[in-house]
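Engineer: I have a structure I would like to understand better, so I am pasting it below and will then ask my questions one at a time.
The values are calculated or read from the model by the stated rules, or taken from the named source; none is laboratory data. Model, not experiment: these values are computed from the prediction. Cβ placement follows ideal geometry from the backbone for every residue including glycine, while neighbour counts extend to all protein chains displayed. Protein only, heavy atoms only, side chains kept; ligands, DNA and RNA dropped before computing areas. Shrake-Rupley method; radii C 1.70, N 1.55, O 1.52, S 1.80 Å.
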Amino acid sequence: MSKPFLGKRILVCGKGGCGKSSIISLMAHILRDETYRVIVLDGDASNPGGIARLMFGSTQGPKALIRFFGGRKKVECPVDDPAPLTRINDTAPITEKNIDLAEIPPEYFMEKENIFLFQVGKIEQFCEGCDGPMSKVTRDFIVKGQHVQLIDVEAGIEHFGRGVEQNVDLILVVIDPTFESLLIAEKITHLCSQMGKARVYTVLNKVQTKEMESIMLAELKKKKIETLGVVHFDDELIKAGLMGTQLREGIAREDMKMIIKKIAENL
Ligand SMILES: Nc1ncnc2c1ncn2[C@@H]1O[C@H](COP(=O)(O)OP(=O)(O)O)[C@@H](O)[C@H]1O
Ligand SMILES: [Mg+2]
């Protein structure tokens, strides 16, 4: 079986609440079922719950990765210091000497049936500073080996300003049925074309009716943005989001399977 996602870093972005974390969680489980080893990186420092609940139904996430790299004392915001991330006692950039899973102590990740979850760090203290240092970890945490890496980022577009997308192969923009989401998608597509190398795909999410879908597609067409597919509104996701439980089978998962198939064909 060919595995087109092997070695790829895929970043999922979009407006707040559009469904980034839900889409990542669905993707992780689908790809795992397709026998991939999946590494999920929670790069959203401002969402205290993180993605652990959706991924594993767990209330607690793993230890912050930024601590493995020396914390705020060592890691700077990529805008102030664009130099690549390094290990605490090493000067070799992670981008050249990628991370081996075996070198990371177990408290820094959660693992369940071939899905590995890491989180870069969360804002914990009043006035502790911006989340730029965590963004550098998101940018450069590249794990070597045979797997696919999925990256969840904070809402909006600030991560583009910081160049977090520098080392990704594919960007998935999630668009929910709101005017703001369409605007953000337009902006992101523009920023991606400036960046050059990564492929960019959009996915519609929380679509409830055919009419809603047609309106969204027409608006995107006006903006010359192509869409890979539609994830329908799914009560199962609402329930999981409310109860803090793991996502289960449902229409959204079936839709996402089709979208993954399409991405694979285009890789
Ligand atoms: N396809 C969908 N159908 C129904 N609800 C959804 C869908 N996708 C996401 N949601 C719900 O929308 C809310 C925000 O989703 P979430 O994945 O946390 O978004 P984000 O990570 O972009 O902030 C959650 O309550 C989630 O359950
Ligand atoms: Mg999220």
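Engineer: Mind checking whether some residue in the range 183-190 is touching a residue at least 24 places away in the same chain (Cβ under 8 Å), open to solvent by 10 Å² or more (accessible area, probe 1.4 Å), in contact with a helix residue (DSSP H, G or I) (Cβ under 7 Å, 6 or more places away or on another chain) and not hydroxyl-bearing (Ser, Thr, Tyr)?
Structural biologist: Looking through the range 183-190, none of the residues is touching a residue at least 24 places away in the same chain (Cβ under 8 Å), open to solvent by 10 Å² or more (accessible area, probe 1.4 Å), in contact with a helix residue (DSSP H, G or I) (Cβ under 7 Å, 6 or more places away or on another chain) and not hydroxyl-bearing (Ser, Thr, Tyr).
Engineer: Pick out the one residue from 95, 59 that is in contact with a Gly (Cβ under 9 Å, 6 or more places away or on another chain) and either open to solvent by 20 Å² or more (accessible area, probe 1.4 Å) or within 16 Å of ligand 1 (Cβ to nearest atom) (or both).
Structural biologist: Step by step, each of 95, 59 is checked, and only 59 is in contact with a Gly (Cβ under 9 Å, 6 or more places away or on another chain) and either open to solvent by 20 Å² or more (accessible area, probe 1.4 Å) or within 16 Å of ligand 1 (Cβ to nearest atom) (or both).
Engineer: Another question about this same structure. Give the range 173-186 a look and list any residue that's assigned to a helix (DSSP H, G or I) and under 18 Å from the mean Cα position of the chain (by Cα), or say none.
Structural biologist: Residues satisfying the conditions are 181, 184, 185.
Engineer: Consider residue 53 carefully, then state whether it is of a type outside the set (Asp, Glu), modelled with pLDDT of 95 or more and open to solvent by 40 Å² or more (accessible area, probe 1.4 Å).
Structural biologist: no
Engineer: Still on this model: Looking at residue 40, is it more than 30 Å from residue 247 (Cα to Cα) and outside any helix (DSSP H, G or I)? Full working, then the answer.
Structural biologist: Working: more than 30 Å from residue 247 (Cα to Cα): no; outside any helix (DSSP H, G or I): yes.
So residue 40 fails the test.
Engineer: Can we say residue 252 is in contact (Cβ under 8 Å) with a residue 60 or more places away in the chain and in a helix (DSSP H, G or I)? Reasoning before the result, please.
Structural biologist: Numbers: in contact (Cβ under 8 Å) with a residue 60 or more places away in the chain: yes; in a helix (DSSP H, G or I): yes.
So residue 252 fits the description; yes.
Engineer: Among all residue pairs at least 6 apart or on different chains, which show Cβ distances below 7 Å where the first residue, located in the range 46-70, is in contact (Cβ under 8 Å) with a residue 12 or more places away in the chain and the second is within 12 Å of ligand 1 (Cβ to nearest atom) and acidic (Asp, Glu)?
Structural biologist: Hits for this filter: 46/154; 50/42; 51/42; 51/152; 61/42.
Engineer: Still on this structure, I have one more. Could you check how many residues of the range 67-81 are at pLDDT below 95, open to solvent by less than 80 Å² (accessible area, probe 1.4 Å) and farther than 16 Å from residue 123 by Cα?
Structural biologist: Of the residues in that region, 2 qualify.
Engineer: Another one. Within the range 212-231, can one find any residue that is buried (at least 17 other Cβ atoms within 10 Å of the Cβ), within 16 Å of ligand 2 (Cβ to nearest atom) and assigned to a helix (DSSP H, G or I)?
Structural biologist: no
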